[in-house]
1. Report the equivalent ellipsoid semi-axes for region 46-85 in whole Å, largest first, defined as the square roots of five times the eigenvalues of the gyration tensor built from alpha carbon atoms.
2. In 5 Å bins starting at zero, report the fraction of Cα pairs in the chain per bin as a rounded %.
3. Can you give me the P(r) profile for region 14-67? Cα pairs, bins 10 angstrom wide beginning at 0, each as a whole percent.
4. So how exposed is LEU38, as accessible area in Å² (1.4 Å probe, rounded to 10)?
5. Could you tell me which helices of the chain pass both thresholds, a Cα extent of 15 Å or more along their own axis and a mean Kyte-Doolittle hydropathy of at least -0.5, with helices taken as whole DSSP H runs?
6. Suppose a student asked you for the relative contact order of region 39-98, using Cα pairs under 8 Å spaced at least 6 residues apart; what percent would you report?
7. Under 1.5 on a/c is rounded, so check that first for region 78-134, then, if it is not, pick prolate when a/b is larger than b/c and oblate when it is not; a ≥ b ≥ c are the square roots of the alpha carbon gyration tensor eigenvalues.
8. Looking at region 88-127, which chymotrypsin sites (Phe, Trp or Tyr not before Pro) are DSSP coil and have at most 14 other C-beta atoms within 10 Å of their C-beta?
Amino acid sequence: PSVSAGVRFAMPYYAPSDLERYPGQGDPAVISELEASLLRGPGQAARLSPINHVDECLGIDFYISVGLADGEAIIEESRRLAEAMRATSRNFEFVEIPGAPHDFLGGVENAGFRAADFPHAHAFLLATLGQSRP
């Protein structure tokens, strides 16, 4: 609490937030493999999961966007993070983009999904940065 990274806002798009549930949806063998190969040992999935640190995000503006064609596991993970963040953020928005796949920020084929997200993201940034709409 006495140290600040100066973070004013976060805008995670389809980002993992609960490493104990994703990937593998709670399968201890998958979590063990993840911890051994990527996270440097047992217990790290819980320690490094953003959902376990929402109380440290007090006052940070938060925007979460997820595509509804991303798969139920990722959608539910985003919804859980959104629910946890609602109480800690000053300016908070959670957007679900109908039909959008996991990687809707990339590729020409996803331009329509980005266009659906843009007004929400733009309004969030304007509010976060204390600017009014042009």
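The values are calculated or read from the model by the stated rules, or taken from the named source; none is laboratory data. None of these values were measured; they are calculated from a predicted model. Positions of Cβ are backbone-derived with ideal geometry, glycine not excepted, and every protein chain shown enters the neighbour counts. Accessible surface is based on the protein model in full, side chains and every heavy atom, while ligands, DNA and RNA are left aside. Shrake-Rupley method; radii C 1.70, N 1.55, O 1.52, S 1.80 Å.
1. Each semi-axis is √(5λ); the values are 20, 13, 7 Å.
2. 2, 10, 17, 18, 18, 16, 11, 5, 1, 0, 0
3. Binned Cα distances yield the sequence 24, 46, 25, 5.
4. 130
5. In the chain, the long hydrophobic H runs are 111-128.
6. 43
7. Here region 78-134 falls in the oblate category.
8. none
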